[in-house]
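J.: The structure under discussion is supplied below as structure tokens; questions concerning it will follow.
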Amino acid sequence: MKTFRTAVIAALLAIWSFPAVSLAAPPPSPPAATQPAAPAPVTKTQAAQDEATELAQREQQASDLQDFKGGAVYLYFGSGVALVLLIILIVLLV
């Protein structure tokens, strides 16, 4: 079982040593001549008004908002947390 524990620790160290995929460099952007011109800048007040009108339209479409009951709490463990807990249990119990 000591061999198993050593293999698990070695595998974890190997996985944690690899760089994350998200750190990869983005693809090169096309030359500036082929990129479209930037749109006119939007002011904060105009953006806030657009958002307010969009939210008002969505509120009008959703007629059952008065029946909404909030407050439910959900606890979610991702697969990463479950895997780490499983490995810790295996190492401790072996």
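J.: Filter segment 56-94 for residues that are more than 17 Å from A11 (Cβ to Cβ) and among the β-branched types (V, I, T); which is surrounded by the fewest Cβ atoms within 10 Å (Cβ to Cβ)?
T.: V73
J.: So P27 fits all but one of (1) in a helix (DSSP H, G or I); (2) modelled with pLDDT under 75; what number is the exception?
T.: P27 satisfies all of (1) in a helix (DSSP H, G or I); (2) modelled with pLDDT under 75 except (1).
J.: Continuing with this model, one more query. Just checking, how many residues over segment 1-17 are free of Cβ contacts under 8 Å to residues at least 60 places away in the same chain and either in contact with a helix residue (DSSP H, G or I) (Cβ under 6 Å, 6 or more places away or on another chain) or surrounded by 11 or more Cβ atoms within 10 Å (Cβ to Cβ) (or both)?
T.: Residues in segment 1-17 being free of Cβ contacts under 8 Å to residues at least 60 places away in the same chain and either in contact with a helix residue (DSSP H, G or I) (Cβ under 6 Å, 6 or more places away or on another chain) or surrounded by 11 or more Cβ atoms within 10 Å (Cβ to Cβ) (or both): 1 in total.
J.: Moving on to the next point. Can you pull out every residue in segment 68-94 that is in a loop (DSSP other than H, G, I, E, B) and either touching a Cys at 6+ places or on another chain (Cβ under 6 Å) or within 25 Å of R5 (Cα to Cα) (or both)?
T.: Matches in segment 68-94: F77, G78, V94.
J.: Among A33, A7, which is at pLDDT below 70 and in a helix (DSSP H, G or I)?
T.: Checking each option against the conditions leaves just A33.
The values are calculated or read from the model by the stated rules, or taken from the named source; none is laboratory data. Since the structure is predicted, the reported quantities are computational estimates derived from the model, not experimental observations. Positions of Cβ are backbone-derived with ideal geometry, glycine not excepted, and every protein chain shown enters the neighbour counts.
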